[in-house]
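Novice: Dumping the structure here so I can ask a few things about it.
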């Protein structure tokens, strides 16, 4: 289970995925680096989720605090 946080500071989009496996890998790296993040998935994907698969057009967006953007980009470099 991933830990998401409610962010009071300005947040920016780190990355958008149409692949749940990659999104989970990035979330794991962010957690290990103690970088707060928030995710947004389209509602159909959330309702019909099958582990490791996404419906055509489904997406997951990962947001981080603006001040953490560079650190997050460095942490996931080579993954995306």
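Nothing in this text is a laboratory measurement; each read-out follows from the coordinates by a stated rule. Everything numeric here is computed off the predicted structure, so don't read it as measured data. Counting neighbours? That spans all protein chains shown, and the Cβs are built from the backbone with ideal geometry, glycine included.
Novice: Could you give the length gained on full extension between residue 13 and residue 31, defined as 0.36 nm per residue of separation minus the Cα-Cα distance, in nm? Provide the component values of the computation, followed by the final result.
Specialist: Working: separation 18, 0.36 × 18 = 6.48 nm, distance 1.64 nm.
Full-extension gain reported as 4.8 nm.
Novice: When 61, 35 are ordered from fewest to most other Cβ atoms inside 10 Å of their Cβ, what list results? Walk me through the numbers before you get to the answer.
Specialist: Values: 61 15, 35 20.
Ascending number of Cβ neighbours within 10 Å: 61, 35.
Novice: With each pseudo-label sitting 7 Å past Cα toward Cβ, what's the residue 22-residue 69 distance in nm, one decimal?
Specialist: Roughly 2.0 nm, to one decimal.
Novice: Here's something else I'd like to know. Taking neighbour Cβ counts within 10 Å as the exposure measure, how do 24, 34, 66 sort from fewest upward? Kindly include the intermediate steps, with their values, before the conclusion.
Specialist: Details: 24 16, 34 8, 66 12.
With the fewest neighbours first, 24, 34, 66 line up as 34, 66, 24.
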